[in-house]
1. Determine the pairs where a residue that is on the phi > 0 side of the Ramachandran plot, located within region 60-83, has a partner that is assigned to a helix (DSSP H, G or I) and at pLDDT 95 or above with Cβ atoms under 6 Å apart, the partner being 6 or more residues away or on another chain.
2. Is it the case that E98 is on the phi > 0 side of the Ramachandran plot and either touching a residue at least 40 places away in the same chain (Cβ under 8 Å) or in contact with a Lys or Arg (Cβ under 7 Å, 6 or more places away or on another chain) (or both)?
3. Only residues in region 156-182 that are under 20 Å from D87 (Cβ atoms) and among the polar types (S, T, N, Q) count as the first member; pair them with residues that are modelled with pLDDT of 95 or more and surrounded by 10 or more Cβ atoms within 10 Å (Cβ to Cβ), Cβ under 7 angstrom, at least 6 apart or cross-chain, and list the lot.
4. Do the conditions hold for V177, that is, is it modelled with pLDDT of 95 or more and either on the phi < 0 side of the Ramachandran plot or charged (D, E, K, R) (or both)?
5. Count, please, the residues in region 102-117 that happen to be open to solvent by 80 Å² or more (accessible area, probe 1.4 Å) and more than 30 Å from I90 (Cβ to Cβ).
6. Can you pull out every residue in region 118-151 that is open to solvent by less than 70 Å² (accessible area, probe 1.4 Å) and aliphatic (A, V, I, L, M)?
7. Tell me yes or no: at least one residue of region 53-65 is part of a loop (DSSP other than H, G, I, E, B), open to solvent by 50 Å² or more (accessible area, probe 1.4 Å) and more than 28 Å from L152 (Cβ to Cβ).
8. Run I93 past the list (1) over 18 Å from V135 (Cα atoms); (2) part of a helix (DSSP H, G or I) and report the number of the one that doesn't hold.
Amino acid sequence: MKSKNSVVARRQEGLYRDYVKNPEAAITAKRVTTTQRQNTDALHGTVVAPDFREVRWEYGIDAKVGGYDDLPNPGHLLCAALAACVDSTIRMIADRLEVGIADLEVDVTGDVDVRGCLAIDPDVRPGFRGLRCEVRLRPAAAANRRSVEILLAQAERLCVTLDTLRNGVPVTVASEVAHEPC
């Protein structure tokens with residue numbers, strides 16, 4: 001998967017050597033935090049990524065659970081994370097394989113039975129029942145069929161968010177309650 005013309009290959013070249021010598025250097029952590037803003041109420045909020053001070057994701061709550069449907073909800077953000085990861089993984093691998101992309105669209109759809117999150121039925125999970133990720137790729141005219149097949153297979157195998165959703169990951173929740181002095 002090496003190409004002299006690939007921007008991705010040039011940017012990753014030293015990383016491969018470094019991570020083989022020092023696997024701990026390959027670990028990266030991601031963090032986001034909700035923050036109190038003017039629009040923060042029971043049906044709205046804001047998520048920030050501390051590494052990118054100007055980036056804020058405003059969210060609202062789905063009308064099916066009492067919200068206004070006036071902003072993307074957390075389910076949209078999860079779908080967006082999957083779509084962005086699949087899209088970027090395809091583009092990076094295509095660059096390395098020198099498979100030109102004329103057009104790429106990744107569409108993620110999921111459905112939730114909200115009886116679970118409203119505690120109406122204890123047998124209904126509050127989470128997504130399933131997600132469907134549709135990739136619509138139009139390779140450049142010069143791309144050969146086998147390279148496109150390899151590209152899509154590798155993207156499905158190497159996408160971080162897709163792998164996380166398919167295989168699960170341990171999640172711990174720690175709560176801290178600060179009481180106001182009387």
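The values are calculated or read from the model by the stated rules, or taken from the named source; none is laboratory data. Not measured: the values here are computed from a predicted model. Positions of Cβ are backbone-derived with ideal geometry, glycine not excepted, and every protein chain shown enters the neighbour counts. We work out accessible area using only protein heavy atoms, side chains counted, and drop any ligands, DNA or RNA first. Shrake-Rupley method; radii C 1.70, N 1.55, O 1.52, S 1.80 Å.
1. Going by the 6 Å Cβ cut-off, the qualifying pairs are D69/A63.
2. yes
3. Pairs that qualify, where the first residue is under 20 Å from D87 (Cβ atoms) and among the polar types (S, T, N, Q) and the partner is modelled with pLDDT of 95 or more and surrounded by 10 or more Cβ atoms within 10 Å (Cβ to Cβ), are T161/A81; T161/L82; T161/C85.
4. No; evaluated as a whole, the condition is false for this residue.
5. Count: 1.
6. V124, L131, V135, L137, A140, A143, V148, I150, L151
7. no
8. Condition not satisfied by I93: (1).
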